[in-house]
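The values are calculated or read from the model by the stated rules, or taken from the named source; none is laboratory data. Computed from a predicted structure; not experimentally measured. Cβ: placed from backbone, ideal geometry, glycine included. Neighbour counts: every protein chain shown. To get the accessible areas, we keep the full protein, side chains included, count just its heavy atoms, and leave off ligands, DNA and RNA. Shrake-Rupley method; radii C 1.70, N 1.55, O 1.52, S 1.80 Å.
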Amino acid sequence: MDAYTPTARSKIKRLPKRAHYDRDTVHAVLDAGLFCHIGYVIEGQPYVTPTGFWRVEDRLFWHGSSASRMLRAQSAGIPVCFTVTIVDGLVLARSGFHHSVNYRSVMAFGNAAKIEDADEKREALHAYIERFLPHRNRELREINDQELKATTVLGMTIEEAVAKIRNGPPVDDEPDYALPVWAGVVPIRQVFGEPVADPRLKQGTPLPLHIAGLPPGADFAEVMWHLAERQQKSTYSP
């Protein structure tokens, strides 16, 4: 199927024209981000936790300390709500009521499941490092057994998902267009900067090509999307 089927919990009711259920749009928003917020309930108390994540096809993954209360609770297969948001600009209208934000967001639903198999878990963590930058694993010390034991990796198959996107100029009330008030969009971007070496870097260690190839000022979301598209063709699959 090329689209997620919305139900009452995922169907956009407010401004439905901004909703996108097709997989290409949902995955593109997910792949442009590196951080998510995960909502879940423990003993009747709702929590929302920010954490890093990565995607492999229709599976989302995140990890953390094996001592984490959040991950222990989610390991029981509880339902979670997984969200990612990218802010693209301030939308300045001629009235306060019509001020807005250009954004891309995804809300996904599913049940978290702990990865128990050591080899599968190791491969999942390799995929996370590759999410940062392709070929990074080739340079690193291998994950040892103690580190693997101290880390919990959770995966969630996307059962339902919807992207909601706002772009373009402000939409004012028709009479307000005649007002002498500046209106428009102020773009917002995250960009890469110049690499800053660790002060304890071993003398003579060269900057690897996969880092040197990130030009300062390159748009973060766009680069991450391109890297993710490349990664989907070559990396870990559950």
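Taking every pair of alpha-carbon atoms in region 100-227, what share in percent sits in each 10 Å bin, from 0 to the bin with the longest distance?
9, 23, 27, 23, 11, 6, 2
Using a 1.4 Å probe, how large is the accessible area of residue 162, given in Å² and rounded to the nearest 10?
So the heavy atoms of residue 162 present about 10 Å² to solvent.
Add -39500 (n - 2.57) for each DSSP H run of 4 or more in the chain, then divide by its residues: what number comes out at 222 nm, to the nearest 500 deg cm²/dmol?
Calculated at 222 nm, the ellipticity per residue is -6000 deg cm²/dmol.
Could you point to the label whose value was computed as Rg and Dmax of the Cα atoms in Å for the structure here, given (i) 20.4, 93; (ii) 16.9, 55; (iii) 20.6, 68?
Label (iii) holds the value from this structure.
What relative contact order, as a whole-number percentage, does the chain give when Cα pairs under 8 Å and 6 or more residues apart are counted?
Computed over the chain, the figure is 26 percent.
Longest segment of the chain with no GluC sites (Glu not before Pro) in a DSSP loop having at most 12 other Cβ atoms within 10 Å?
No qualifying site falls inside 143-238, the longest such stretch.
Ignoring ligands, DNA and RNA, what percent of the accessible area of the chain is carbon or sulfur (1.4 Å)?
About 56 percent, which is the carbon plus sulfur part of the accessible surface.
Taking a probe of 1.4 Å, how large is the accessible area per residue of the chain, in Å²?
It amounts to 58 Å² per residue over the chain.
Can you compute 3J(HN,Hα) from phi for each residue in region 202-210, using the Karplus curve 6.51 cos²θ - 1.76 cosθ + 1.60 with θ = phi - 60°, rounded to whole Hz and x for Gly and Pro?
In residue order, the calculated couplings are 4, 4, x, 6, x, 6, x, 4, 5 Hz.
Which loop chymotrypsin sites (Phe, Trp or Tyr not before Pro) in region 148-238, with loop taken from DSSP, have no more than 12 other Cβ atoms within 10 angstrom of their Cβ?
Of the chymotrypsin sites (Phe, Trp or Tyr not before Pro), the ones in loops of region 148-238 whose Cβ has at most 12 other Cβ atoms within 10 Å are 182.
Give the lysines reachable from residue 149 as a straight Cα distance under 17 Å; neighbours fewer than 8 places away on the same chain don't count.
Partners within reach: 114, 121.
Please compute, for the alpha-carbon atoms of region 66-166, the extent along each of the three principal axes and give them in descending order in Å.
Dimensions of region 66-166 along the principal axes of its Cα atoms: 60, 35, 23 Å.
Run through all the Cα pairs of region 30-84 and give the fraction in each 5 Å bin from 0, expressed as whole percent.
Histogramming region 30-84 at 5 Å steps yields 4, 17, 31, 27, 14, 5, 1 percent.
Provide the gained length on full extension for the span residue 120 to residue 87, in nm with one decimal, where the gain is 0.36 nm per separating residue minus the Cα-Cα distance.
Computed gain between residue 120 and residue 87 is 8.5 nm.
Given the C-alpha centroids of region 102-117 and region 171-206, what is the distance between them in whole angstrom?
Distance between centres, Cα-based: 27 Å.
Calculate how steeply helix 220-232 sits against the longest principal axis of the alpha-carbon atoms of the chain, using the helix alpha-carbon long axis, and give the answer as 0 to 90 degrees to the nearest 10.
50
For region 1-43, which trypsin sites (Lys or Arg not before Pro) pass both filters: DSSP loop (anything but H, G, I, E, B) and at most 14 other C-beta atoms within 10 Å?
When the trypsin sites (Lys or Arg not before Pro) of region 1-43 are filtered for loop state and at most 14 Cβ neighbours within 10 Å, 9, 11, 13, 14 remain.
Please list, in order along region 89-106, the HN-Hα scalar couplings obtained from phi with the Karplus expression 6.51 cos²θ - 1.76 cosθ + 1.60 (θ = phi - 60°), rounded to whole Hz, x for Gly and Pro.
x, 8, 9, 9, 9, 8, 9, x, 4, 9, 5, 7, 9, 7, 7, 10, 9, 9
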